[in-house]
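Accompanying notes for the structure given below.
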Amino acid sequence: MVSAELARDVVGITGNVISLFLFMSPVPTFVQIWKKKSVEQFSAAPYLATLINCVVWVLYGLPIVHPHSTLVWTINGAGTAIEIVYLVLFIIHSDSKKRLKVLLIVLAEVIFMAVLTTLVLTLVHTTKKRTVIVGVVAIVFNAMMYAAPLSVMKMVITTKSVEYMPFFISLASLANGVAWSAYALIKFDPFILVPNGMGTLFSVAQLILYAVYYRSTQRQIAARKTDGEVGLSELGDARKK
C-alpha cells in the first residue's frame, strides 16, 4: 500500500513539472522582445505579480515557517529566478519611463518581503502561527493574480474569439491546479488548497469558453484571411491599370 507521504511527494513532483512548464511559457514573448530590442505594448504586470507571488510561497515553504514543504519552496524558488530573468530583459528593452516604473515596483516588492520576513521570523515564534500569517498573505497575492485570467475571459466573451487564450496554457493551468489541490488534500493544507482550487475552477471555465467559441474563432480567422486575399487582389488589379 502506498503511504500518504509518498503519494504526496509524487503529486508534488508532478505539480513542480507542470508549474515549471507554466513559468517557461512566456519564453516566446521574450525571444520576440530580444529580437526586436523593444517591449512594444507588452506589460510587465504579469511578471511582477508572479515574482511577488513566488517569493511569498518560497517564504511559506521554508522549514522555519511551514515544515515539510520542500516541494513548495523549490518550484517557487525556480519561478522566482525565472521571473527575475524576464524582468531584467523587460527593463533592458523598455523606454526610460516604463523602466523606472518597473524598477520602483520591484523595489516596493523587495521592501515588502523584507518587512514581512523580518516581522514573521522575529515576532512570531511558532511555525503554526507563521504558517497562518504567510499563508493568508500568499492567498491574497494569488487572488490578485486571478485578475489576469478574468480579463482574458471577459475579452473572449466580448469578441467571441479564443485567439488570445492559448488552449495548451489553459489545459496546463488546469493540470497544475488539480495537482496542487491534490497535494494539499493528501496532507490537508488550506493555504495551498484555496488558491489552487480557485485556479482549477478558472481553468475549467476557460476550457468551457474555448469549446463554446472555438468555431466562431475559426470563422473570424478565415474571414480575415479572405479579406486580406481580396485586398491584395484589388491592389494588384489597380497597379495593372
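Where a number appears in this text, it was derived from the coordinates with a stated rule and is not lab data. Bear in mind that the values here come from a model prediction, so they are computed numbers and not experimental data. We place every Cβ from the backbone using ideal geometry, glycine too, and count neighbours over all the protein chains shown.
Computed values, structure above
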quantity	calculated
Vicinal HN-Hα couplings computed from phi for the range 119-127 (Karplus, 6.51 cos²θ - 1.76 cosθ + 1.60; Hz; Gly/Pro x)	5, 5, 7, 9, 9, 10, 10, 10, 5
Rounded tilt (10° steps) of 70-92 against the dominant C-alpha axis of the chain	40
The range 78-148: C-alpha gyration tensor shape, a/c 1.5 cut-off, then a/b vs b/c	prolate
Length-normalised contact order of the chain in % [C-alpha pairs under 8 Å, at least 6 apart]	23
Furthest towards positive pole of dipole, G15, V102, T70, structure part the range 1-112, Cβ charges	V102
Label point 7 Å beyond Cα of V115 along Cβ direction - residues of the range 128-148 with amide nitrogen under 15 Å	137
Lys/Arg +1, Asp/Glu -1 at C-beta; the chain dipole; positive extreme among I192, G79, V120	G79
Lysines whose Cα lies under 18 Å from that of K160, excluding same-chain neighbours fewer than 8 positions away	K225
Cα long-axis angle, helix 167-186 against the chain (0 to 90 degrees, to the nearest 10)	10
The range 88-159-the range 1-58 distance, computed between alpha-carbon centres (Å)	14
Principal-axis tilt of helix 4-24 within the chain, Cα atoms, nearest 10 degrees	40
Segment V212-T74, extension gain: residue separation times 0.36 nm, minus the distance between their alpha carbons	45.9 nm
The chain: calculated mean residue ellipticity at 222 nm from DSSP helix runs of at least 4, using -39500 (n - 2.57)	-29500 deg cm²/dmol
For the chain, size of Cβ-based charge dipole, Lys and Arg +1, Asp and Glu -1, in debye	580
Answer label for Rg/Rh (Cα atoms, Kirkwood Rh) (calculated), chosen among (1) 0.95; (2) 1.13; (3) 1.07	(3)
Within the range 68-158, trypsin sites (Lys or Arg not before Pro) in DSSP loop having at most 15 other beta-carbon neighbours inside 10 Å	none
